[in-house]
1. If Arg166 passes every condition in (1) touching a helix residue (DSSP H, G or I) at 6+ places or on another chain (Cβ under 9 Å); (2) surrounded by 15 or more Cβ atoms within 10 Å (Cβ to Cβ); (3) closer than 22 Å to Gly109 by Cα but one, which one does it miss?
2. Whether any residue in segment 335-349 is at pLDDT below 90, surrounded by fewer than 16 Cβ atoms within 10 Å (Cβ to Cβ), part of a loop (DSSP other than H, G, I, E, B) and of a type in the set (D, E, K, R) is what I want to check.
3. Return yes or no: is Thr183 closer than 26 Å to Ser122 by Cα and free of Cβ contacts under 8 Å to residues at least 40 places away in the same chain?
4. Only one residue in Pro154, Pro171 is touching a helix residue (DSSP H, G or I) at 6+ places or on another chain (Cβ under 9 Å), of a type outside the set (Lys, Arg) and outside the structural domain of Tyr83 (by TED's automatic domain parsing). Which one?
5. How many residues are part of a strand (DSSP E or B) and not β-branched (Val, Ile, Thr) when one looks only at segment 176-196?
6. If I ask for residues that are closer than 30 Å to Thr98 by Cα and among the β-branched types (Val, Ile, Thr), which ones from segment 122-151 would you list?
7. Take the residues in segment 102-133 that are among the charged types (D, E, K, R) and surrounded by 16 or more Cβ atoms within 10 Å (Cβ to Cβ), then tell me which one is nearest to Met165 (Cα to Cα).
8. Kindly list the number of the only condition in (1) surrounded by fewer than 22 Cβ atoms within 10 Å (Cβ to Cβ); (2) at pLDDT below 95; (3) over 20 Å from the mean Cα position of the chain (by Cα) that fails for Leu325.
Amino acid sequence: MKRFALSLLVLLACVSTVALASGAGDTTVSISGTATVTNGTANGDTVTVTPLDRNYRRVGQSVNATVTNGTFTAANVTNASLYYVRLSHDGLAHYALTNETDGISFDLGPTLSGRVVTENGSAVSNAQLLVASPTGPPVGQVNASENGTFSIGPLKSNTTYTLWMRMAGVPYKKTVTTGTNATNVRFVKRAPTDDDGVLTVSGGNPASHVMQVSPRQNSTGLSVVETLTVRNTGDRPFVGPVRVALPNGATPTGAMFRNRQTTFSRQGSDVIINATIAANDTAQIGVAYDLENRSIQKSVDHDTDRLAVVLQGYNLSEVSHSPNLRPGSAPISMLTNDKALRSGDEIQVHVPKTAQQSANGGSGNGGNGGTDFPTVVMVLSFLSIVIGGILAYRAL
């Protein structure tokens, strides 16, 4: 459970530990607001304000303030585009992300309560639950009783929270909105499934399936990294193998699950990665491979909403592709799909040697070689930001 909680702390870690971004403003502002608690008081509670830029990087030191008579003011906060505000009350943490300097309000009151049960209604004793805020970071943890009951609060009104539970390595997830169904929550521990029919490639931002194609080092072939956002559409956790189809002639060199390098196996033309995905949750899966030839011809194993093929260092006008792909309107060479791909659909991309661009922008035989899997994934994450703008442009 501790490792699971740490995964949800990523956003907070980024906010609190990233080095100050260059170009932060020299002026300061005061951040003020109110904090109230139904049938209680927030007086004496600590409010922490962290200034951020529009890319959510910290641009100044965090500043603490104390709630007095239901109000707080954090002085000398670096002037910024965004402010991440955290209220600590009675062992729980509450958050607000705002671009305003005043009028920030924490109104605490509702309690989230319910029972953890099995599918046949039996109590799940002593389950440890983690409650996450709408922005992702954890609000707090609570242990269920012997008969499975739990209660945590006070929380913010009319706010959607996510309940997480992990038992025997299997993740469980449930969303609850305070003020509607938060006082009689039935959190069911369902038996997991290994039926990959519940999986789709969807929900990724900016694209659910990204293929980064680059020149292979000291070779005429290609290096490819595929990253898929896999969604479990079922009502129970998925625990089992996830298949990623490889093109003919591909040699896999690495795999990733939830941004961590992982083991994989090969079965026919597929790479197999073991995954655990909570019901109605997503996870990123990645595969890196080398190709001796210059053609990518493969089927997709799961229904896919958005695909992006990033052709790093290539002239797109010289690249041929299947009819279900088209050039994207972008400052980088990219192919995308016009409509959703179905499981079994085939895509084809041929990248001739003449399409490779030299450092000065012309065609040539030069170019940077491929890298090992972890480094390529970091590059891919950077390129995804660019692709996000491209796909947003398509949607307008």
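1. (3)
2. Keep residues of segment 335-349 that are at pLDDT below 90, which gives 338.
Still in the running and surrounded by fewer than 16 Cβ atoms within 10 Å (Cβ to Cβ): 338.
When the remaining residues are screened for being part of a loop (DSSP other than H, G, I, E, B), the result is 338.
Those still in the list that are of a type in the set (D, E, K, R) too: 338.
Looking for residues that are at pLDDT below 90, surrounded by fewer than 16 Cβ atoms within 10 Å (Cβ to Cβ), part of a loop (DSSP other than H, G, I, E, B) and of a type in the set (D, E, K, R), one finds at least one in segment 335-349, hence yes.
3. Values: closer than 26 Å to Ser122 by Cα: yes; free of Cβ contacts under 8 Å to residues at least 40 places away in the same chain: no.
Taking the combined requirement at face value, the residue does not satisfy it.
4. Just one listed residue meets the conditions, Pro171.
5. Going residue by residue through segment 176-196, those that are part of a strand (DSSP E or B) are 176-177, 185-189, 193.
Retained after the next criterion (residues that are not β-branched (Val, Ile, Thr)): 186-187, 189.
Residues flagged as part of a strand (DSSP E or B) and not β-branched (Val, Ile, Thr) within segment 176-196 amount to 3.
6. Taking segment 122-151 and keeping what is closer than 30 Å to Thr98 by Cα, we get 129-142, 151.
The answer is Val131, Thr135, Val139, Val142.
7. From segment 102-133, those among the charged types (D, E, K, R) are 102, 107, 115, 119; that's our starting set.
Among the residues that remain, those that are also surrounded by 16 or more Cβ atoms within 10 Å (Cβ to Cβ) are: 107, 115.
Numbers: Asp107: 26, Arg115: 12 Å.
The extreme case among them is Arg115.
8. It fails just one condition, (2).
The values are calculated or read from the model by the stated rules, or taken from the named source; none is laboratory data. If you're wondering where the values come from, they're calculated on a predicted model, not measured in any experiment. Please note: Cβ atoms are built from the backbone with ideal geometry, for glycine as well, and neighbour counts cover all protein chains shown.
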